[in-house]
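Novice: Quick one: the structure is below, and I'll ask about it shortly.
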Amino acid sequence: MNTAKLDRVALEGMLGSLRPKLHRYCARMAGSVIDGEDIVQETMIKALQAIDGDASVERPEQWLFRIAHNAAQDHLRRRQREQARMSETDMTTIEDPSASADARLATAASLRSFMQLATAQRSAVILVDVLGLSLHETCEVSGATLAATKAALHRGRAQLRLLAAQDEQTPAPKLDADDERRLRRYVDLFNARDFDAVRALIAEDIQLEVVNRTRMRGKAQVSNYFGNYDRVSDWALSLGFVDGRPAILIRNPQAGDDAVRGFMLVDWQDGKVSHIRDFRYAPYCLADADIRFIDE
């Protein structure tokens, strides 16, 4: 069987175009768009390292999803999630219907619903019903047998149907009073464009990641980031939650609605902002995010 030599330039181009699709898989596997982006970045690093190591790649897209699948599994193990073990007894005869209704259900299902599936079921449903891979491609990604894949798909679909019939209302998350006070001050200063006061809040060794764009470290470099926001007017910030985590939501006031175009995560240490993660340029992270505003 012939294998194609995939060079770094071609791989970087492929990663750019596949990144939203990879994120959709990883976010559903992890139950969080934020953790999903971490897994995507880990996948990209591992893929580039493999190519730099002169790896020969057959079917690059399936190869990338295989790396993403393994990275997601590692992530779940690190979070000490229980791994489900499935029996293959009598599962080889399960037919795989077109299941268009199941596909629509899986596409609309929340990340919270997917996290209630066993890992193998979750992976099979996402790959087949959300991303549209064939059963054989799914086996190649997951490393499972055809019988196990059919079993996982069958049981995962059944579980999602049960979950869809239930009321999925969950209590709104709450923000610690001190965290809310700090974040509100940061947001208020940002919205007032008082960036000198914002810079006074950040630590000297602050770390910044503008997801899908760049990373910066140190107050001098990160000061340029605030300058970029000062030069444009297509944003307004609000407090909220993304997948249950406190976040600063980025809206476009010129759009005339409350649509969120991105979000920021801000960490504090010793009363100073120590880390900023800005998802303004990663719109694919919004597709599956559970976003909630905090009442002003």
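Novice: Cross-link partners among lysines for Lys46, C-alpha distance below 19 Å, same-chain residues fewer than 8 apart left out?
Specialist: Those lysines meeting the cut-off are Lys5, Lys21.
Novice: Still on this model: Sorting Lys174, Lys150 by accessible area (1.4 Å probe), largest first, what list results? It would help to have the intermediate numbers written out before the result.
Specialist: Values: Lys174 185, Lys150 40 Å².
Descending order: Lys174, Lys150.
Novice: For the range 238-296, state which chymotrypsin sites (Phe, Trp or Tyr not before Pro) are in a DSSP loop and have at most 14 other beta carbons lying within 10 Å of their beta carbon.
Specialist: Values: sites: Phe241, Phe263, Trp268, Phe279, Tyr281, Tyr284, Phe293; in loops: Phe279, Tyr281.
Listed in order of number, the matching sites are Tyr281.
Novice: Note down the nm distance, to one decimal, between modelled labels 7 Å out along Cα→Cβ at Ser17 and at Arg185.
Specialist: A separation of 4.9 nm, rounded to one decimal place.
Novice: For Thr145 and Gln49 in the same chain, what is the full-extension length gain: residue separation times 0.36 nm, less their Cα-Cα distance, in nm?
Specialist: Difference between extended and current length: 31.8 nm.
Novice: Still on this structure, please answer the following. In units of 2.2 N^0.38 Å, what is the alpha-carbon radius of gyration of the range 180-245? Provide the component values of the computation, followed by the final result.
Specialist: On the way: Rg = 12.3 Å, N = 66, 2.2 N^0.38 = 10.8 Å.
Its radius of gyration relative to the 2.2 N^0.38 Å reference: 1.14.
Novice: Same structure, new question: At a threshold of 8 angstrom on Cα-Cα distance, excluding pairs fewer than six apart, so keeping six or more, what relative contact order does the range 1-66 reach in percent? If you can, show how the numbers build up before the last one.
Specialist: Numbers: 47 pairs, mean separation 28.3, N = 66.
With pairs under 8 Å counted, the relative contact order is 43 percent.
Novice: Taking all protein chains in place and a 1.4 Å probe, what share, in percent, of the accessible surface of the range 176-296 do carbon and sulfur account for?
Specialist: Working: 2560 of 6020 Å².
It is 42 percent, rounded to a whole number.
Novice: Calculate, in nm to one decimal, what Ala103 and Ala192 gain on full extension: separation in residues at 0.36 nm each, minus their alpha carbon distance.
Specialist: Values: separation 89, 0.36 × 89 = 32.04 nm, distance 4.54 nm.
Extra length available between Ala103 and Ala192 comes to 27.5 nm.
Novice: OK, next. Which distance in nm do the two modelled labels at Gln254 and Arg59 give, with both placed 7 Å along the Cα-to-Cβ direction?
Specialist: 4.5
Novice: For the range 122-166, what number results from the quotient of the Cα radius of gyration and 2.2 N^0.38 Å? Each step should come with its number before you reach the end.
Specialist: Values: Rg = 10.5 Å, N = 45, 2.2 N^0.38 = 9.3 Å.
Ratio of Cα Rg to 2.2 N^0.38 Å: 1.12.
Novice: Continuing with this model, one more query. Can you give the FRET efficiency for Arg215 and Ala177, using 1/(1 + (r/R0)^6), R0 = 35 Å, r = Cβ-Cβ distance, to the nearest 0.05? Each step should come with its number before you reach the end.
Specialist: Numbers: r = 32 Å, r/R0 = 0.91.
So, using R0 = 35 Å, E works out to roughly 0.65.
Novice: Mind jotting down the distance between the C-alpha centroids of the range 203-221 and the range 26-55, whole Å?
Specialist: 21
Novice: Using a Förster distance of 30 angstrom, determine the FRET efficiency expected from the C-beta separation of Asn228 and Ile291, and round it to 0.05.
Specialist: Details: r = 23 Å, r/R0 = 0.78.
Computed FRET efficiency for Asn228 and Ile291: 0.80.
The values are calculated or read from the model by the stated rules, or taken from the named source; none is laboratory data. None of these values were measured; they are calculated from a predicted model. Because the Cβ atoms are built from the backbone with ideal geometry, glycine has one as well, and the counts that use them run over all protein chains shown. The area values use the complete protein model at the heavy-atom level, side chains included, leaving out ligands, DNA and RNA. Shrake-Rupley method; radii C 1.70, N 1.55, O 1.52, S 1.80 Å.
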